[in-house]
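Chemist: Below you will find the structure I want to go over with you.
The values are calculated or read from the model by the stated rules, or taken from the named source; none is laboratory data. On a predicted model such as this, the values are computed, not experimentally measured, just so you know. No Cβ is skipped: glycine too gets one built from the backbone with ideal geometry, and neighbour counts run over all protein chains shown. To get the accessible areas, we keep the full protein, side chains included, count just its heavy atoms, and leave off ligands, DNA and RNA. Shrake-Rupley method; radii C 1.70, N 1.55, O 1.52, S 1.80 Å.
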Amino acid sequence: MLFQDLRIAVRHLRKSPAFSVMAVLMLALGIGATTAIFSIVEGVLLRPLPFPQPERLVALNDILQGADVGGNGEAGVTAPDIQNYTRDTHSFENLGGYTLTGYELSGIGDPAQINAARFSSGVFPALQVAPLMGRYFTQQEDTQKEQVVVLSYALWQNRLHGDPQVLGTKILLDRKPYVVIGVMPRNFEFPLVPGHLNAAALWIPMSFTEQELTSGAASWNFTMVGRLKPGVTAAQATTDSERVAQDTVRGYPAFMSSLKIHATVRSLHEETVEQARALVRTLFFAILVVLLIACANLAGLLLVRAIRRRREIAVRLALGAPASVLRRQALLESLVLSVTGGVLGVVLAAIALKIGVSRLPETLPRINEIGLDWRVIGFSFLLAVVTGIICGIAPAFAALRTNVNDTLKEGGRTGSSGSGHARLRSALVIGEIAIALVLLVASGLLLRSFEKMRAVNLGFRPDHILSATYSLPRQQYPTQPSVDGFNNELVRRLQQVPGVSAVGLTSILPNGGSNANETFIADGYVAPKGANMNLATPAQVMGDYLQALGVPLLAGRFFNSSDTENTQLVVIVNHKLAEHYWPGADPLGKRIRLGTPELQTPWMTVVGEVADMKDGSPDNPTKEQFFQLVVQTEKSIGTLAGPTDLNGNGGFITLRTTMDPEQMANTLRSTVRSIDPQLPLDQVRSMETALSESEAPRRFNTALISTFAIAALLLAALGIYSVIAFSAALRTQEMAIRIALGSQRSGILGLVFTSAAKLAVAGCVIGLIGAAAASHLLQTFLFNVSPFDPTVLALAALFILLLSLAASLLPAQRAASIDPMKALRSD
């Protein structure tokens, strides 16, 4: 019987191809988009980490009391922390530390700069992923600083052509030979960092340097991962680690004696997805809104179809057809449409993911794991079935409310469908308008936010700047004089290049979003009770770096050739630092020194104050910052570790040019090769390009929500049109009588427009309430814009009203152009 009813449902739908195609396409778009977004939700947030028993994997970090490190307050761990936690905790089966780094890879094809990770010996055993080939390094190899390497599958395939005899061969990292001892499986990735291009291509032993364990003890540049013992909770592991943390504090060097740390242990999964959670939830909410509108449209179409078939239904009821059979057939029609739309939606989702995954923002982790698996397809099928049932219930019951006697006696003359049906249709359209308005408001807020972000004063002029990053291999440049020799020669040669107006080297670029912070003491500044440590972002520079960026000089001077390693130590501070520590006073001549009060480092004199530069995306908060000369850095830090790489073996090149900076890229590369033929440059691009990439996540959010809003508006307009058109068609005879009795055509237009306006106003009121209720979802994505911005709310409501009137224009014209004689003579 069910199969027979299914055949009848399919036959009925085949008789109305236009209706069926429209319904299937609407649902395919709604279900397809929802499936695609759900695959992102499932891949990023819901799917367990790709390791055995992932629920036992945790991240261990320090919370640095009194330091503003942003985010969740975690500062990472230090090199001594890793040794102490690994040796003295009892809650972990395996525990290890890691950090991301970069190397020059050579000896196999053209030299290239690659991403890599340093692992202590406990990381691989904690993850419990067996190598595809070979093995990973041991604690002895880590301790004895053995030069061994484990390759990623991608590097093995792309650079070594999948050589099955790769084990035991050597590759050059920073021109030092490393023996390949293993290759990891295709899908192995760790650390699980956000972005498409940040994944490590190989892993080497941590092999701490003496500096990292002594003078570098104040550098929280590492992270730890561990596997809990069976039955041990994260809270118990935190207590265990806190005990070790306090022992570590007691053993700190004198210059760190004022620091206080606390250990925190939490799920590695939570640590990985934390930053992406708000974005993914918002996307899922937005796409569900679009799906709701598609469902409302389908329900409205099915309701109209049921009303048009009311005479058929009345005849079948009069002949004794059970109401349950008719209800079942109505539901089956809806299910056939929704399942067909669901199948087509999965196909569309697969196409969208294939095209769109590479365009996802860099803030999303585990992007490579996003795809259609059985969970996503199962969700899509369940969504199609639920959609079909929900959309079919109301029309099925509404159609069966037909009065058999009245319908058969009226002969279809009055065309009235009943006030109950009209109210249901109106309620569906009001719901569509309200939901569309919520998305339109969200889109407007994000657009306004993006506009304000683009208008932010960056503190420098990004036009005509070319930048690049480089790293000098320690095998070739083992001492600081050799590094300085390369850097000085590079600056000298670039200054002679035609079209270059300023050249500088730096340890950080303003678009890099640096997390480096340095403690310091400001002369004459008395911190209020309970204040955080004095922290600022340091930058080591050479040449005319600040002039190359076009940073406005507010007071004093820039660095010049008279500032050498043998002259007075000098520093340039930004406006925010000067205002914080010497409010209302001239910062020139003031002094700062690095480290804590217990460490007697030499004073540096402020010789210049520059404007605040934005670090990273323009919507990031401004940081306190100071600039030092590379030649004076070693003298100014005393026994402290150098906070950046420019005073070690790498940094960033900045050129201000008189021409298009992209045209200088090859000149820059050839100049570097003229000094070191093997040295590769990375991220050679204009500053404007780099800034555009830093704005990509917000641009992506805005574009995607706007796309959903446009889809919602189109669907809502379709819903308004269908209801107004059908209502006007049902009132054809009424309109004809009005015209025959002397009503003006304009009055008929006004009557139809009034109906549309009433629906739009009701939908806008509900939509504005819904937008206010959903405002907390957008709060984290807005920049200098209130979620209740009156301009956005007013314009969104006005646009919806105008759209509703536009959608009712054609039905109104049809109603006003009725021929009364023909209408009154018809059935």
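Chemist: Kindly indicate which of 598, 565, 609 is under 25 Å from residue 652 (Cα atoms), in contact with a helix residue (DSSP H, G or I) (Cβ under 6 Å, 6 or more places away or on another chain) and open to solvent by 30 Å² or more (accessible area, probe 1.4 Å).
Modeler: The conditions single out 565.
Chemist: Applying the selection to segment 300-327, what residues are modelled with pLDDT of 70 or more, out of contact with any Phe, Trp or Tyr (no Cβ under 8 Å at 6 or more places or on another chain) and open to solvent by 10 Å² or more (accessible area, probe 1.4 Å)?
Modeler: 300, 302
Chemist: Please work out if residue 114 is over 28 Å from residue 162 (Cα atoms), touching a strand residue (DSSP E or B) at 6+ places or on another chain (Cβ under 6 Å) and touching a residue at least 24 places away in the same chain (Cβ under 8 Å).
Modeler: No, not satisfied.
Chemist: May I ask you to list the residues in segment 207-230 that are charged (D, E, K, R), modelled with pLDDT of 90 or more and within 27 Å of residue 100 (Cβ to Cβ)?
Modeler: 227
Chemist: Can I ask one more? Could you go through segment 155-171 and let me know if any residue there is under 28 Å from residue 85 (Cβ atoms), touching a Phe, Trp or Tyr at 6+ places or on another chain (Cβ under 8 Å) and in contact (Cβ under 8 Å) with a residue 24 or more places away in the chain.
Modeler: No - not one qualifying residue is present in segment 155-171.
Chemist: Say we look at segment 524-542 and pick out the residues that are in contact with a helix residue (DSSP H, G or I) (Cβ under 9 Å, 6 or more places away or on another chain) and more than 20 Å from residue 623 (Cα to Cα); which of these is most open to solvent (accessible area, probe 1.4 Å)?
Modeler: 524
Chemist: Another question, if that's okay. Give the residues of segment 445-454 that are open to solvent by 20 Å² or more (accessible area, probe 1.4 Å) and over 18 Å from residue 615 (Cα atoms), sorted by residue number.
Modeler: 447, 448, 451
Chemist: Looking at (1) out of contact with any helix residue (DSSP H, G or I) (no Cβ under 9 Å at 6 or more places or on another chain); (2) modelled with pLDDT of 90 or more; (3) of a type outside the set (A, V, I, L, M); (4) open to solvent by 10 Å² or more (accessible area, probe 1.4 Å), can you tell me which one residue 545 breaks?
Modeler: (4)
Chemist: Then there's this: Can you say whether residue 233 is at pLDDT below 90, among the polar types (S, T, N, Q) and farther than 30 Å from residue 360 by Cα, as far as the supplied structure shows? Break it down stepwise before answering.
Modeler: On the way: at pLDDT below 90: no; among the polar types (S, T, N, Q): yes; farther than 30 Å from residue 360 by Cα: yes.
So residue 233 fails the test.
Chemist: Related question: Which of the residues belonging to segment 657-685 are buried (at least 22 other Cβ atoms within 10 Å of the Cβ) and assigned to a strand (DSSP E or B)?
Modeler: Within segment 657-685, 657 is the sole residue that qualifies.
To keep it simple, each residue is scored yes or no on (1) modelled with pLDDT under 90; (2) not β-branched (Val, Ile, Thr).
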{"residue": "500", "(1), (2)": "no, no"}
{"residue": "504", "(1), (2)": "no, yes"}
{"residue": "517", "(1), (2)": "yes, yes"}
{"residue": "524", "(1), (2)": "yes, yes"}
{"residue": "529", "(1), (2)": "yes, yes"}
{"residue": "538", "(1), (2)": "yes, yes"}
{"residue": "551", "(1), (2)": "no, no"}
{"residue": "555", "(1), (2)": "no, yes"}
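Chemist: Considering only residues that are crowded, with 18+ Cβ neighbours inside 10 Å and at pLDDT below 90, which ones fall in segment 174-187?
Modeler: If the condition is that a residue be crowded, with 18+ Cβ neighbours inside 10 Å and at pLDDT below 90, then 174, 175 are the ones that fit.
Chemist: Something else now. Name the residues in segment 449-476 that are over 28 Å from residue 550 (Cβ atoms) and among the basic types (Lys, Arg), would you?
Modeler: Matches in segment 449-476: 474 only.
Chemist: Next question. So which residues in segment 129-173 are among the polar types (S, T, N, Q) and open to solvent by 40 Å² or more (accessible area, probe 1.4 Å)?
Modeler: Matches in segment 129-173: 138, 139, 140, 143, 144, 147, 157, 158, 165, 169.
Chemist: On to the next question. When you scan segment 237-246, do you find a residue that is open to solvent by 30 Å² or more (accessible area, probe 1.4 Å), over 21 Å from residue 517 (Cβ atoms) and at pLDDT below 90, even just one?
Modeler: Within segment 237-246, one or more residues are open to solvent by 30 Å² or more (accessible area, probe 1.4 Å), over 21 Å from residue 517 (Cβ atoms) and at pLDDT below 90.
Chemist: Moving on to the next point. Among helices (runs of 4 or more DSSP H) lying entirely in segment 736-809, which contain 3 or more residues that are free of Cβ contacts under 8 Å to residues at least 60 places away in the same chain?
Modeler: 745-773, 790-807
Chemist: In segment 455-495, what residues are hydroxyl-bearing (Ser, Thr, Tyr) and either surrounded by 21 or more Cβ atoms within 10 Å (Cβ to Cβ) or in contact (Cβ under 8 Å) with a residue 60 or more places away in the chain (or both)?
Modeler: 467, 469, 470, 471, 477 - these are the residues of segment 455-495 that are hydroxyl-bearing (Ser, Thr, Tyr) and either surrounded by 21 or more Cβ atoms within 10 Å (Cβ to Cβ) or in contact (Cβ under 8 Å) with a residue 60 or more places away in the chain (or both).
Chemist: Now a separate question. Limited to segment 1-30, what total is found for residues that are under 36 Å from the mean Cα position of the chain (by Cα) and under 12 Å from residue 337 (Cα atoms)?
Modeler: Total meeting the criteria: 8.
Chemist: Here is a follow-up. Select, from 330, 349, the only residue that is modelled with pLDDT under 80 and surrounded by 18 or more Cβ atoms within 10 Å (Cβ to Cβ).
Modeler: Criteria check complete, one pass: 330.
Chemist: Something else: Looking for whichever is open to solvent by 20 Å² or more (accessible area, probe 1.4 Å), at pLDDT 75 or above and over 25 Å from residue 52 (Cβ atoms) here; the options are 266, 281, 250. Which one fits?
Modeler: Testing whether each residue is open to solvent by 20 Å² or more (accessible area, probe 1.4 Å), at pLDDT 75 or above and over 25 Å from residue 52 (Cβ atoms) leaves just 250.
Chemist: I would also like to ask the following. When you scan segment 460-559 for strands (runs of 3 or more DSSP E) that lie fully inside it, which ones turn up with 1 or more residues that are in contact with an Asp or Glu (Cβ under 6 Å, 6 or more places away or on another chain)?
Modeler: Because the criterion is at least 1 residues that are in contact with an Asp or Glu (Cβ under 6 Å, 6 or more places away or on another chain), the strands (runs of 3 or more DSSP E) in segment 460-559 that meet it are 465-471, 500-506, 535-543, 553-556.
Chemist: So, one more: For residue 449, are the conditions met, namely being of a type in the set (Gly, Ala, Ser) and more than 27 Å from the chain's Cα centre (by Cα)?
Modeler: Taking the combined requirement at face value, the residue does not satisfy it.
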